[in-house]
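To start, the structure itself, in structure tokens.
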Amino acid sequence: MKKAFLLVCCAALAVACGTSKKSTYEVVDERDVPEKFVKDFKRQKPGIEQVKWEKIDSLTYRANFTSNGNKARMQFTNASVLSSWIIPLEYCENIKSYVTANYKDFKVDEVVLADKDKKTKAYFVTISQKKTVKELEFDVTQQFVREVPAETGK
């Protein structure tokens, strides 16, 4: 009986560890996204059929999609459209080295190459240690710029 209970506990733990992290934003149906944002997305990314929309706040929506085999996002507000690409960790050796050297026991969760404004791109790196989550900014050469304050975001 104890062996069966231990086996069930191990299986449950394996499943829990294997599930992907849920988004912190509400997933919404495309019909609930402002028409302007949907039209802008379809104009800029024709041919992309599978899009997962997230509601960041009442004025901001994010489209998550795959383009040419790469995961990408576009964030829409009334003032701007910002694009970002999720970068596989194997392409981020300088970033991983910096985090290992300067943030003991933190792990890199996600690296995103994003528009800072219309002319500048930067890497934004989410790192975590238990319940502590931080966001770091690196320039396009993967050199550390700053720790992004939690309240401002990208």
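The values are calculated or read from the model by the stated rules, or taken from the named source; none is laboratory data. Worth saying up front: this structure is predicted, and the values here are computed from it rather than measured. Every residue, glycine as well, gets a Cβ built from its backbone with ideal geometry; the counts of neighbours run over all protein chains shown.
So that you can scan it fast, the table gives a plain yes or no per residue for (1) in contact with a strand residue (DSSP E or B) (Cβ under 8 Å, 6 or more places away or on another chain); (2) at pLDDT below 90; (3) not assigned by TED's automatic domain parsing to the domain that holds P149; (4) not aromatic (F, W, Y):
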| position | (1), (2), (3), (4) |
| --- | --- |
| K55 | yes, no, yes, yes |
| S67 | no, yes, yes, yes |
| V81 | yes, yes, yes, yes |
| D117 | no, yes, no, yes |
| T126 | yes, no, no, yes |
>> Given the options S83, S128, name the one that is among the polar types (S, T, N, Q), over 25 Å from V28 (Cβ atoms) and surrounded by 15 or more Cβ atoms within 10 Å (Cβ to Cβ).
In response: S128
> Can you spot a residue in the stretch 103-120 that is of a type in the set (F, W, Y) and part of a strand (DSSP E or B)?
Replying inline: no
>> Only one of Y61, Y98 is part of a strand (DSSP E or B), in contact with a strand residue (DSSP E or B) (Cβ under 9 Å, 6 or more places away or on another chain) and either within 20 Å of R146 (Cα to Cα) or not assigned by TED's automatic domain parsing to the domain that holds A150 (or both). Can you tell me which?
In response: Y61
